[in-house]
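The values are calculated or read from the model by the stated rules, or taken from the named source; none is laboratory data. Please read all numbers here as calculations on a predicted model, not as lab measurements. Please note: Cβ atoms are built from the backbone with ideal geometry, for glycine as well, and neighbour counts cover all protein chains shown. Each accessible area value is taken on the protein alone, full model and side chains, heavy atoms only, with ligands, DNA and RNA left out. Shrake-Rupley method; radii C 1.70, N 1.55, O 1.52, S 1.80 Å.
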Amino acid sequence: MLTKYIPFYKRNLKLALPIILSQAGQVVVQQVDTMMVGYVGTPELAASAFANSIFIIGMIIVMGFTFGLTPAVGHSLVKKDNKYLSKLLFNAYVLNLGFAVIISILLYITSFFFNHMGQDVLIEELSKPYFYTLVLSILPLIIFMTNKQFAEGIGDTKNAMYVTISSNLLNVALNYVLIFGKFGAPEMGLLGAGIATLISRVYMASSFMIIFYYNRHFKHYIKGIFLYRINKVLIGKLFSLGIPISMQLLLEVLAFGLSAIMAGWLGIIPLAAHQVAIGLASVTFMIVVGIGSATTIRVSHQYSQHDLHGLMMAAKASIHIVLVFMSFTAISFLIFRNYLPMIYTNDIAVINLAAQLLIIAGVFQLFDGLQAVLISILRGFGDVKHAMVYAFIAYILVNLPLGYYLGFKLELGIIGIWIAFITGLGAAAIMFLWRFRVIYYQLKFDKEFNKQ
C-alpha cells in the first residue's frame, strides 16, 4: 500500500531538504544564542527567554507575511511569464519592507511596557539591550525571506540553504567572540549574542541579493526590477495571501509567547526551563516547517496543473513523513530528557524542571507536526483565510485560557501551561484536517477543474 507513495516521498524530501536546512537555520540562530548565553548565567538565560518570547511574535508576523509569495509564484509559474514574476518580486519587496518597518516600530514601543509584564527587575534590565538588537535585525531578515520565498516558488531551494548554513557558522563564531570576550573583544554577554544575530542577518540579506543579481536563474527577474511602478493589483494579491498566513502564525506564536510571560510569573527557574524545552521543540518544529514549505510548493504546482491525484499523493506523502519524524523526535525527547537540557545550562534546578517539560513536549510533537503540514497543504491551495479563523479558536480561545486555568487556578504551574499546548495544537490539527477534506471533495466533483 505504502509502496505507491515512494516516488512522492522522494520528490518531497528532495525538495524539502534544502528548505529544512534554511528554515531550521532561522531558529538555530536563536537557539545558539540561548545555548551559549545559558553558560553565562541563569538570569541571562531567563532574560533571553523573555526577550525572545516578545521578539518572535514580531519575527513570525513578518516571516509569515512573506510566505504568501511562494504560492503566488507557484500558481503563476505555469504561465512562464518572467516579466510578470519580476513585477511580483518588486511589489513583494515594497510590501514586505513597509510591513517590516511597521512591525519593528511596534516592537520597539512594546519595550516601554516590559516593566508591566510581571517579570523580575533583573530580567527586564538584561533583556532590553538584547531585544533592541533583535528588532534591528528584522529589516535584513525580511529582505532575505522575500528572496527565499520567491526562489522557492520557482523551485530553487538550494541557494537559501547555502546562505543560511554559512550565516549560522558566522553567528556561532561571533557569539563566541562577543559573548565571552575572546580575541580582544569586550565580554558583552547577552548583548553580544544580539549583535552577532544582527550581523549574521545583514550577511544573509546581502549574500542573497548578490546571488539574485549574478545567478543566471534569478538574473532576468532582478534586472531592471526597480524601474517598475507599484502595482496595486499585485500588492493586493500578495497582501490577501500574506496577511492571513501571518495572522495564523501570529496566533500560534502569540499563544506560546504569552505562555512564556505566564511562565515568568512563576519565577526565573520555570522561565529558564520553559526556554530550554521550547527551544528544543522549536528546532524539530522548524524541520517540519521545512517539509511543509516543500509541500506548499508541490501542492501549488499540482493545483495549477489541475492534477488532483498528484496533489493528493504529494500531500499525503508529506503527512506520512512528518508523522514518522515527529514520532522519532517524541521518543528521543522521552529517552534523553535528562540530558538534552544540559546543552543549554548547568543549573540543576533548570535541568530537572526542563526534563519534566520534555515529557509533555514529546507528546505534543505529533500534534504540532500534523497541524504544521496540514496548514502548508492549505497554503498550496491558496486557502488561507479559514486557517486564520481556526488558529484563533485553537490558540486564543482554547490554549491560552486553559493554560492559565491549569497553571494558576489548579496550581499545576509550568506543567499546566504545557499541557494546554497539547490541547491547542490538537484542536488546530483537527480543524485543518477537516478543511483539507472539504477542499478535496469540492475539487473532486468540480467539473471545470477536472476537465482541464
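Rank these by accessible area, largest first, 1.4 Å probe: 437, 337, 379.
Largest to smallest exposure gives the sequence 437, 337, 379.
Relative to the first principal axis of the alpha-carbon coordinates of the chain, what is the inclination of helix 190-214, with its axis defined by its Cα atoms, in degrees from 0 to 90 and to the nearest 10?
With rounding to tens, the tilt is 20 degrees.
What lysines sit close enough to residue 182 to cross-link, taking a C-alpha to C-alpha distance under 29 Å and skipping anything fewer than 8 places away on the same chain?
Straight-distance partners of residue 182: 128.
Can you give the extra length, in nm with one decimal, that the chain gains between residue 444 and residue 324 once fully stretched, where that is 0.36 nm per residue apart less the Cα-Cα distance?
Stretched fully, the residue 444-residue 324 segment lengthens by 40.4 nm.
Going down the list 158/223; 148/223; 83/223, which pairs span over 19 Å between their C-alpha atoms?
Pairs exceeding 19 Å: 158/223.
Could you tell me how many degrees, from 0 to 90 and to the nearest 10, lie between the Cα long axis of helix 6-38 and the main elongation axis, the longest principal axis, of the Cα atoms of the chain?
Relative to the chain, helix 6-38 is tipped by roughly 30 degrees.
How much length is gained on full extension from residue 170 to residue 109, taking 0.36 nm per residue of separation minus their Cα-Cα distance?
Using 0.36 nm per residue and subtracting the Cα-Cα distance, I get 19.0 nm.
Using a probe of 1.4 angstrom, how much of the accessible area of the chain is carbon and sulfur, in percent? Let's see the in-between values first.
Values: 12670 of 18290 Å².
Taking all protein chains in place, the chain shows 69 percent carbon and sulfur surface.
Which entries of 10/316; 87/232; 10/444 show an alpha-carbon separation above 22 angstrom in the structure shown?
On the way: 10/316 13 Å; 87/232 11 Å; 10/444 25 Å.
Correct reply: 10/444.
Of the chymotrypsin sites (Phe, Trp or Tyr not before Pro) in the stretch 128-215, which ones lie in a loop per DSSP and count no more than 11 other C-beta atoms within 10 Å?
Details: sites: 130, 131, 132, 144, 150, 162, 176, 180, 183, 203, 208, 212, 213, 214; in loops: 183.
The qualifying sites are 183.
Give me the dipole magnitude in Debye, nearest 20, for the chain about the Cα centre, with unit charges on the beta carbon: positive for Lys and Arg, negative for Asp and Glu.
The calculated dipole for the chain is roughly 2180 debye.
Taking a probe of 1.4 angstrom, what is the accessible area of residue 423 in Å², to the nearest 10?
Counting only protein heavy atoms, the figure is 60 Å².
Going by Cα centres, the stretch 187-215 and the stretch 368-421 are how many Å apart?
Comparing the Cα centres of the stretch 187-215 and the stretch 368-421, I get a distance of 32 Å.
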